[in-house]
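Notes follow the structure.
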Amino acid sequence: MQNDLDNQGKYNMKAVSTMVGILPGTLRAWERRYQMIAPVRNEAGHRLYSDNHVRKLKWLTQKVNDGFTISQAISLLEQEQKVSARPFNDQAEDRVSQLQQDILHAFLQFDERTVQDLMNEAFTIYTMDKVLIDILAPLLLQIGNMWEDGKITTAHEHFSTSILRSRIGAVMHAYPHNGILPKVVAVCAPGEWHELGLLIFTLYMRRKGYEVIYLGSSIKEHDIEVVLETVKPRFLFMSCTMTNNLSSTLELTLSLEKEFSNLVVGLGGSAIDSMNDEDKQKFHPNILGQSMNEWDHWIEEKTYAN
């Protein structure tokens, strides 16, 4: 009974245009060219759209807003419908998880071709933010934890790191920067060599238009000071993933903020996220957070602070 109601024509084109956020001319063009929906017509010959039509159109519009062409979005919708009769349910999240685990398995088999094919699939289906934040970032953390726990070899970790660094780096350098926004330096904390989380954050900053000087793996503390004196950035971002490097990272943060009065230091990484409550309170202004929403809030607050 509910399915019949979902397919019952009830909304005219003007109403659907308002609900979905696309012009009537665009809607007519999509229908004519791609036949992705078939609205019924009333006695006067006017189109009437169902709730199911509206859901499909909202889904397609969101994909277009995310950067896909309408033909790509319709292709993705068709793929979803092949996988499930309900393309708008939680199965999409299961697919993200499955892609993530398939990539991990390919890494552990040293199967670069399959890794590249799976990442190509992910970037085709989902937005760049979705791939980076919901697939690659958790995967990086999982690989790092497996290495630290002795569940995989250094060879596995290096193989995975090499491929991901190359893929993320290629995307990162494609973005222009906005000269009005303050400069940023990104570097791994003292003793740190796991740079992929920092790469993802750097990509996030470049997508927002910031000019980021990416230093990558840990450099000597004195060398960091030379960079800061030369570049004069507003922000320094440091990534710390290993708990035995946490103390020196926090000490360096205090030292640099004292030496460079206009510098704002941001801290991220699994070691930062797992700090004790006392340190979290002390360094609260420096902690970036774990989600993109938290990053957005932190950056906006610090960028426009007086």
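Read-outs throughout are calculated quantities, based only on the coordinates presented, and are distinct from any laboratory measurement. None of these values were measured; they are calculated from a predicted model. Positions of Cβ are generated from backbone atoms using ideal geometry, with glycine treated the same way; all protein chains shown enter the neighbour counts.
Some points to look at:
- Using the Karplus relation 6.51 cos²θ - 1.76 cosθ + 1.60 with θ = phi - 60°, the per-residue 3J(HN,Hα) values for region 232-239 come to 6, x, 7, 10, 10, 10, 10, 10 Hz, with x marking Gly and Pro.
- Less than 5 angstrom separates the built amide H of G266 from those of L236, F237, M238, all sequence-distant by 5 or more or on a different chain.
- Comparing G289, G45, G191 in a Gaussian network model of the chain, where Cα atoms under 10 Å apart are tied by springs, the biggest mean-square fluctuation is seen for G45.
- Cross-link pairs K151/K220; K258/K302; K14/K56; K220/K282 - those with Cα-Cα distance over 19 Å: K151/K220; K220/K282
- Within the listed set A186, A73, A44, the Gaussian network model of the chain (springs between alpha-carbon atoms below 10 Å) gives the highest mean-square fluctuation for A44.
- Antiparallel content of DSSP bridges confined to the chain, in %, to 5: 15 percent
- Residues with amide H under 5 Å from that of Y49, placed H, sequence gap 5 or more: K10, Y11, N12
- Karplus-derived 3J(HN,Hα) values for region 111-117, using 6.51 cos²θ - 1.76 cosθ + 1.60 with θ = phi - 60°, are 9, 5, 4, 5, 4, 5, 5 Hz; glycine and proline are entered as x.
- Other residues with beta-carbon under 12 Å from the beta-carbon of P182 carry, at +1 per Lys or Arg and -1 per Asp or Glu, a net charge of +4.
- Positive minus negative residues near V212 (Lys, Arg vs Asp, Glu; Cβ under 11 Å): +3
- Choice from Q116, Q35, Q290 showing the highest fluctuation, given a GNM over the chain with Cα pairs closer than 10 Å: Q35
- Backbone geometry of region 146-151 corresponds, through the Karplus equation with coefficients 6.51, -1.76 and 1.60 at θ = phi - 60°, to 3J(HN,Hα) couplings of 5, 5, 5, 8, x, 8 Hz, x marking Gly and Pro.
- Environment charge at P24 (Cβ cut-off 14 Å; Lys +1, Arg +1, Asp -1, Glu -1): +3
- Value of [θ]222 nm, deg cm²/dmol, for the chain, DSSP H segments ≥ 4, -39500 (n - 2.57) each, nearest 500: -17500 deg cm²/dmol
- Label selected from (i) 22.2; (ii) 19.6; (iii) 20.6, the criterion being Kirkwood radius over Cα pairs in Å as computed here: (i)
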